[in-house]
Structure formats: structure tokens, C-alpha cells
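Everything below concerns the one structure shown next.
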Amino acid sequence: MKGHDLGPLVGCHNSASGGVHNALVEAKSFNATASQLFTSNQKQWRGKKISDEEIFKWEKAKAESNVRVIISHDGYLINLGSHNSELLDKSRVAFVEEIERCLALDLDFLNFHPGTATDKNPQRCLDTIIESLLLFAPLFENNPKLKLVLETTAGQGNTVGHSFEHIDYILKGCRHKVPVGVCIDTCHIFAAGYDIRTKKAFDHTLKEFDKVIGLKHLYCMHLNDSLKELGSRVDRHSCLGFGQIGIEAFKFAMQDERLKYLPKCLETPEKEARWEDEIQMLKDFYYEKH
């Protein structure tokens, strides 16, 4: 996805209400060059398969937009690290269905939260996540485009993935068989204790990421400010520049050579939505330097 010809790849999480193609219609209205969506109801276990009619509408909407990178976000119920066998089986089936929808729509990335240690045993949870991901390997054998991306978490409750070490452990356990990388969520890493408020702080955090995981495994980003303070372990998104992180971090993300070409999607609060303005602001940050 990196390259001067693509320019800034920015967008937000778009609504697929009424059909997945509507996400791209909305993205076009915001002048977005990237988009994220739920391919099915994120609060239900079973989702419908993508029909030929939906694919036709999707491809038409994509051709009429300027969206160049598209990311799916998996459902909220899925927990690939659950210790409960029934919940784990349902999660794995739902994830397979999500992969199949992503392949049908020819998406670039499938973003997912690693999982929750429902038995309060994070190591067991991490190992179960790896076991889950390895099960999906056959789905990617003839599909080189789609990549899975582990989203960094805030560390609320018993979730794993709030430390770079957690993410690295999962990647090392499965990346030899499954195409998987990382999505940094700025709100989440800040809430987890990684400071990004200044250029110096963000640079330090990126160097830590590179040391532990490797920046070559960073595929995309979620740009969100945080209502809660550094290290709070509380996941509460805020509009850019209206939270505890501040606007300098997002300018850095659009201008730093290590990040500027990564696709970036906003997940800022819907009730306070400023998506069109925020997307334009991020583009302006990019073009200030390039």
C-alpha cells in the first residue's frame, strides 16, 4: 500500500446500512480515499453471504468513488481467544464467514481485536488466538491480496493485545502460515500507556514498536483521540484534537516517513461526527509536507 502514487489514504468507518455498497457511497461523499466497514451486523453471530447483486452494486460504487483501500472490521461478538469451547467454536465459524465476505468483496484488510482472556489467563488466551488463526490458513492459499490485521487494544478488562509484546507473540506464532500484520489504534495505544502526544513521544513509541514487532508488520492505522488519560486502560474515543492526545499526534502520523503512506481510518464518535472535516484536515497535514 505504500507508494507516492497513492497519496494520502484516509477515511473513516462507513455505514453499510441498506447494503455494503452504501459504505462506499458515504465514503465518496466525504472525499475519502480509504474506507472501513462492517460487512455484516457486528452484533450478531451469523451474517448473510454476499450475493451476486450486492457484488455488482459494490463494484459499481467502488468504481465511482476515489476509495483505494478498503478494510473490514470483524464483529464485536467474536473472541478467538475464549476459553469457553462453545463461544470459541462460534467465534471461529463467524470469523471464517467474515473472511469469505472479505474475499467476495476483494477487500484489502480484515481488522480484528485479538481476544479476551475470559478465564483471566492471558497466556492461554494468546495461545488460543494463534491456534484459531492457524485454522484459517487454507482460506488464504489462493487469495494473496487479503491481509489480516491485529488491532492494538486499550487493555480494558481482560483483553489482550494492549502491549506490543502481546501482538508480537501472536504474529510470531502464525505469520509463517497466515498473512497477518498490525493496525495501530492511536486511542488504544495511548490508553494502554504508550505516549504519542508530541513528535518526540510518538517517535519514541514507534521506535519501541519497531524494536518489539518491526514496523514492516504495521499495515494500517485507526486515528482516534482519547477521552481518557495516558495509561487509563479505558477505550473512549474522541474527535481529533478534542481529547487527551491532541492534534500534534495526528499531524505527525500524516507526515512521518514511516507512517504517511499507511491507510488510516477514523473511528471518532458518531454523535460528534466531523468526518468530512477531519479527513480534509488529515489530507492537509499530508500535503503541508509532500
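The values are calculated or read from the model by the stated rules, or taken from the named source; none is laboratory data. Source: prediction; values computed, not measured. As a convention, Cβ positions derive from the backbone with ideal geometry for all residues, glycine included, and neighbour counts pool all protein chains shown.
In table form, for the structure just shown:
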{"read-out": "Exclusive hit being touching a Pro at 6+ places or on another chain (Cβ under 7 Å), modelled with pLDDT of 95 or more and either at positive phi or not in a loop (DSSP other than H, G, I, E, B) (or both), set CYS220, CYS183", "value": "CYS220"}
{"read-out": "Exclusive hit being farther than 25 Å from PHE140 by Cα and under 18 Å from the mean Cα position of the chain (by Cα), set ALA94, ALA34, ALA27, ALA117", "value": "ALA27"}
{"read-out": "Residue within the range 83-99 that is on the phi > 0 side of the Ramachandran plot and at pLDDT 95 or above present", "value": "no"}
{"read-out": "Residue that is nearest to PRO263 (Cα to Cα), among those in the range 12-32 that are free of Cβ contacts under 8 Å to residues at least 60 places away in the same chain and polar (S, T, N, Q)", "value": "ASN14"}
{"read-out": "Pair list, Cβ under 9 Å, 6 or more apart: the range 84-106 residue surrounded by fewer than 17 Cβ atoms within 10 Å (Cβ to Cβ), other residue acidic (Asp, Glu) and part of a helix (DSSP H, G or I)", "value": "ASP106/GLU59"}
{"read-out": "Set LEU105, LEU88: member being of a type in the set (A, V, I, L, M, F, W, C), more than 18 Å from the chain's Cα centre (by Cα) and more than 14 Å from ASP74 (Cα to Cα)", "value": "LEU88"}
{"read-out": "Among (1) within 19 Å of PHE164 (Cα to Cα); (2) touching a residue at least 40 places away in the same chain (Cβ under 8 Å) - the single one LEU282 does not satisfy", "value": "(1)"}
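Each row is one residue, and each column tells you yes or no for (1) in contact with a strand residue (DSSP E or B) (Cβ under 7 Å, 6 or more places away or on another chain); (2) more than 30 Å from MET254 (Cα to Cα); (3) modelled with pLDDT under 95; (4) buried (at least 22 other Cβ atoms within 10 Å of the Cβ).
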{"residue": "ASN31", "(1), (2), (3), (4)": "no, no, no, no"}
{"residue": "SER35", "(1), (2), (3), (4)": "yes, no, no, yes"}
{"residue": "ARG46", "(1), (2), (3), (4)": "no, yes, yes, no"}
{"residue": "ALA61", "(1), (2), (3), (4)": "no, no, no, no"}
{"residue": "ASN66", "(1), (2), (3), (4)": "no, no, no, no"}
